[in-house]
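All of the numbers you see were taken from the coordinates with simple rules; none came from a lab. Treat the numbers as computed from the prediction; the structure is a model and nothing was measured. Because the Cβ atoms are built from the backbone with ideal geometry, glycine has one as well, and the counts that use them run over all protein chains shown.
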Amino acid sequence: MAILHTERLLLRPFHINDVDAVFNYSCTPNVGANAGWKPHESKAETLKIMNEIFLDKETVWGIELKKTKKIIGSIGLIDDPKRQYDMIKMIGYAIGEAYWGKGFMTEAVQEVIKFGFNELNLVAIAAYCYPFNKRSKNILQKCNFDYEGTLTMAEKIFNGNIYDNDCYLLTAVKYYQ
């Protein structure tokens, strides 16, 4: 699996011993709510989710702050459930609230985009966020994604609420311009 480097971050595979760090950012009320998953209630729950989503995945990385060697978030390119074209992947990410507004996620997203186009030869990368998730929208705009529109009543989240998805796409053609 590829290890990616930015100025301040190391994007690396998750390890089982990252469970404490993942739990620490996943148990807070605002991180999961912005992505549609419930805050983690125990490290056992975090470990289960790590096994399902993070561990041994080729294009899912832990975001490690080089300065502290601490995992502060996650990022990945996964199959896009809204598209049937396997040369398009969906980018998803989460970061601990203490690290919001510091440019870390924009830095990580830019590096993963570069990997997606240069190494995986993707034709496009999609992203989705809730209309109220202004931070995620700002990241996508900074990374040159185009807003495609809003998919109404697109997703039922853990608490039964139904949310729209704002849909974004970055094509390889636009990336290389």
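Using alpha-carbon positions, what is the distance between the centroids of the stretch 2-41 and the stretch 102-154, in Å? About 17 Å separates the Cα centre of the stretch 2-41 from the one of the stretch 102-154. Pairwise Cα separations in the stretch 1-102 fall into 10 Å bins from 0 onward with the following percentages, short to long: 15, 48, 32, 5. Could you compute the net charge surrounding V60? Neighbours are other residues with a C-beta less than 13 Å from the C-beta of V60; K and R count +1, D and E count -1. The answer is -2. Using θ = phi - 60° in the Karplus curve 6.51 cos²θ - 1.76 cosθ + 1.60, the 3J(HN,Hα) couplings for the stretch 171-176 round to 8, 4, 4, 5, 4, 7 Hz; x is entered for Gly and Pro. Computed about its Cα centre, the charge dipole of the chain is approximately 480 debye, with only Lys, Arg, Asp and Glu carrying charge at their Cβ. Each DSSP beta bridge with both residues in the stretch 1-126 is either parallel or antiparallel, and the antiparallel ones are about 85%. For C129, the residues 5 or more places off, or on other chains, whose built amide H falls under 5 Å of its own are D166.
For K70, the residues whose amide H sits under 5 Å from its own are L65, ignoring neighbours fewer than 5 places away on the same chain, with H placed 1.01 Å from N.
Ranked for footprinting exposure by Cβ neighbours inside 10 Å, fewest first, S26, S136 give S136, S26.
Neighbours of C167, meaning other residues whose beta-carbon lies under 14 angstrom from its beta-carbon, give a summed charge of -3 when Lys and Arg score +1 and Asp and Glu score -1.
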